[in-house]
Amino acid sequence: MSYTEIAELLKVILVSIFLLYACYLDLKSRTVPNRVWKFMLVSILPFLAYQIYEALRFPILLLFSAIGIVFMLLFSYLLYAMNVYGGADAKALMSLSIAFPFYPEVSPILFNHGIGVFSFSVLANSVIFAPMLMAAIFLRNVAREGFGNFFRYPFYYIVGYRIPVEKIRFHNLFEFIDEDGRLKRVIKAVESDEEKILRLKKAGVKEVWVTPALPFILFITAGFFIAVIFGDVVVAVISALV
């Protein structure tokens, strides 16, 4: 194994540790401090610097990598500005674009490099979990609610589930009591807070439909491991179909 390969492997290990730690923080408090990403980049700096030094012999590769970094920095910020995900998720993708200017080749079963921009492959892989999550939620609702209510709440069966009011924590609400004391059902879930929960309890509501406010950093982390081990799943599927 060359020094460059060792540097890449150590970098993948360190980044994995920080991503898993970020998942823990996001699950616990829905907050990932900026210092997590700063420490991550500082910890891998020697390995990154060595890789860039080795790549100086290939100007075209460096130019392509620089374009990929700029593209992902702008694209990650654009998705954040469009409210697709939160600030921590954008910073995670931005940090990954800087940490991996070249696609890491540490897996013996890596089947593609996607479009060549590693952080974009991480994002693409993270998105494929959404349909899987919706399928899991649907099966959960069928098991607990029965199939009979599906035609009454078809949308909720796919994107949410019903829980007791006292168990609302990190959830967004499809049902809530408005300021006039009326029970409202909505398609676009609203963020829960102490006031909305108190209104539900005062109104005697026992259960409501909610959607899990799962932190997207979990999907980014899963997408990272898939990208490192296997490659870009979306590109692989498209290539198989074409």
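There is no residue in segment 61-79 that is hydroxyl-bearing (Ser, Thr, Tyr), in contact with a Phe, Trp or Tyr (Cβ under 8 Å, 6 or more places away or on another chain) and surrounded by fewer than 17 Cβ atoms within 10 Å (Cβ to Cβ).
Return the only residue of 35, 30, 57 being modelled with pLDDT of 95 or more and of a type in the set (D, E, K, R). Quick ask: steps written out before the conclusion?
Working: 30 fails: modelled with pLDDT of 95 or more; 57 fails: modelled with pLDDT of 95 or more.
On inspection, the qualifying residue turns out to be 35.
Considering segment 1-108, the qualifying helices (runs of 4 or more DSSP H), each wholly inside and each with 1 or more residues that are out of contact with any strand residue (DSSP E or B) (no Cβ under 6 Å at 6 or more places or on another chain), in contact (Cβ under 8 Å) with a residue 60 or more places away in the chain and among the aliphatic types (A, V, I, L, M), run over 3-29, 87-99.
Give segment 42-56 a look and list any residue that's among the aromatic types (Phe, Trp, Tyr) and more than 27 Å from the chain's Cα centre (by Cα), or say none. Explain how you work it out, then say what you get.
Filtering segment 42-56 for residues among the aromatic types (Phe, Trp, Tyr) gives 47, 50, 53.
Listed by number, the residues that qualify are 50, 53.
The values are calculated or read from the model by the stated rules, or taken from the named source; none is laboratory data. None of these values were measured; they are calculated from a predicted model. Neighbour counts run over all protein chains shown; Cβ positions are idealised from the backbone, glycine included.
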